[in-house]
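The values are calculated or read from the model by the stated rules, or taken from the named source; none is laboratory data. What you are looking at is a predicted structure, and each value in this text was computed from that prediction instead of being measured. Ideal geometry is used to build each Cβ from the backbone, glycine not excepted, and the neighbour counts take in all protein chains shown.
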Amino acid sequence: MNRILVINAGSSSIKYQLIEPETGERFASGLVERIGEPEGRIAHRGAHQNERSLPVPDHTAAFEAMVAAFAGEGAPIDALGIVAVGHRVVQGGDAFVEPTLIDDEVAERILSLGALAPLHNPGQYQAVAAARSLFPDVPHVAVFDTAFHQTMPERAYTYAIDRSAAAEHGVRRYGFHGISHQVVSRRAADLLGRPVDELRQIVLHLGNGASACAVDRGRSVDTSMGLTPLEGLVMGSRSGDIDPGALLHLLRGGYGADDLDRLLNGRSGLLGLTGVGDFRDVRAAADAGDEAARLAIEVYAHRIRHYLGAYLAVLGGADAIVFTAGVGENSAALRAEVCAGLEWFGIRLDAERNGSAERGARRIGADDSRVEILVVPTDEEAEIARQTHRLVG
Ligand code: AMP
């Protein structure tokens, strides 16, 4: 038994999965939420399903609840065969270009990168600290969402602002969803039966968060998210691209920094345009004749096409366009809207394949499409387990 415990933590929640890294098989998963609130909650799925409310004052208590949930189903943590813990870390800055064994110094650097990712790194640091003290006998590995994009050339990650201001504040494009773009582009190559280092791919990760990535022979060369996960595509409640001049206009109009943060991260995107942030609800409203919902879907698809065109130019053409995550994997209608009218580029969808109820990695392009069009389910936890296992042997 060589199993990896994969941890995806936030400031008030911890998701965990117990995974066999070579096959990706899951043995258990769970979510501890409302950490730090008067009453927390755990939902555990292993040999049994088990949900209950309990006090979870901090991340240590959250891991103790997880350990108790395993023990409660007759699987004491020592008997689970855990050989390492893999932690998802959102922001690795330009210091971390690959999965990294966590020691005290690495943990401190994850914390200090919180200045660039205040919503993510501080909670992840706390989870790392709690997990290291509860499971001191196994290696802990940090797998970074930004690492895959560290191969971007300078011209793609540099913002054209005053160089010294940018350097002083670490302002550059880092990119996110890297774990997803990496596993999806590799699985896309597997599906095509070709080495990833022969392919130019455009990966469209369309979930609640959304980003596009130009992957040139297995390496990220451009991506739509930037310094933070706010730039780029239209998302559930995030704006994506907006003229920075609009922010100045709002600031001068009385908005403060926190107001702007709440507006752009929490009250924009599909939610801002329609009042609902879930793509299915927006589609249902549009189908029922709601004008705002119809426009929101058009804006959403238009932005994706904008990046698709840009990345065709960045890559000098593409061998495959790959749809992934909640919307990308499930909405045939959105995929059709994105690909409509792109025949001149050699992009031709097959309506029947696109509409099929099949799940799993699949080809949806027409036989005469020069560019392959694929749906490839993402699996970030399996990828974290795989990278953790590779590092610790
Ligand atoms: P994710 O963040 O990858 O879990 O994706 C969440 C998004 O996927 C939400 O906006 C959902 O509405 C959307 N989604 C999930 N299932 C479907 C579906 N069958 N059709 C359209 N959108 C879906």
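Please determine whether any residue of the range 229-243 is over 18 Å from the mean Cα position of the chain (by Cα), outside any helix (DSSP H, G or I), among the β-branched types (Val, Ile, Thr) and more than 12 Å from the ligand (Cβ to nearest atom). Yes, some residue in the range 229-243 is over 18 Å from the mean Cα position of the chain (by Cα), outside any helix (DSSP H, G or I), among the β-branched types (Val, Ile, Thr) and more than 12 Å from the ligand (Cβ to nearest atom). Please verify whether residue 262 is more than 22 Å from residue 113 (Cα to Cα), among the basic types (Lys, Arg) and not in a loop (DSSP other than H, G, I, E, B), treating the condition exactly as stated. Answer is no for this residue.
Pick from the range 299-346 the residues that are among the acidic types (Asp, Glu) and within 16 Å of the ligand (Cβ to nearest atom): which of them is farthest from the chain's Cα centre (by Cα)?
Our first condition is that a residue be among the acidic types (Asp, Glu); within the range 299-346, this holds for 319, 329, 337, 343.
Adding the requirement that they be within 16 Å of the ligand (Cβ to nearest atom) leaves 329, 337.
Details: 329: 14, 337: 23 Å.
Residue satisfying both the conditions and the ranking: 337.
Do the conditions hold for residue 246, that is, is it within 14 Å of the ligand (Cβ to nearest atom), modelled with pLDDT of 95 or more and either within 30 Å of residue 198 (Cα to Cα) or more than 21 Å from the chain's Cα centre (by Cα) (or both)? If you could, list the steps in order and put the result at the bottom.
Numbers: within 14 Å of the ligand (Cβ to nearest atom): no; modelled with pLDDT of 95 or more: yes; either within 30 Å of residue 198 (Cα to Cα) or more than 21 Å from the chain's Cα centre (by Cα) (or both): yes.
Here the answer is no, as residue 246 does not meet what is asked.
Taking the listed residues 149, 181, the one that is assigned to a helix (DSSP H, G or I), away from the ligand (no atom under 16 Å from the Cβ) and under 16 Å from the mean Cα position of the chain (by Cα) is 149, with no other qualifying.
For residue 87, state whether it is of a type outside the set (Phe, Trp, Tyr), under 27 Å from residue 231 (Cα atoms), in contact with a Cys (Cβ under 9 Å, 6 or more places away or on another chain) and not in a loop (DSSP other than H, G, I, E, B). Before the answer, list the steps.
Details: of a type outside the set (Phe, Trp, Tyr): yes; under 27 Å from residue 231 (Cα atoms): yes; in contact with a Cys (Cβ under 9 Å, 6 or more places away or on another chain): no; not in a loop (DSSP other than H, G, I, E, B): yes.
The answer is no for residue 87.
Quick one: is residue 179 closer than 20 Å to residue 317 by Cβ, in contact (Cβ under 8 Å) with a residue 60 or more places away in the chain and buried (at least 16 other Cβ atoms within 10 Å of the Cβ)? When the stated conditions are applied, residue 179 does not pass them. Filtering the range 203-224 to residues that are within 18 Å of residue 157 (Cβ to Cβ), out of contact with any strand residue (DSSP E or B) (no Cβ under 8 Å at 6 or more places or on another chain) and within 16 Å of the ligand (Cβ to nearest atom) leaves nothing.
For residue 62, the test of being aliphatic (A, V, I, L, M) and over 28 Å from residue 113 (Cα atoms) is failed.
Annotation: residue 43 fulfils all but one of (1) outside any strand (DSSP E or B); (2) over 14 Å from residue 81 (Cα atoms); the unmet one is (1).
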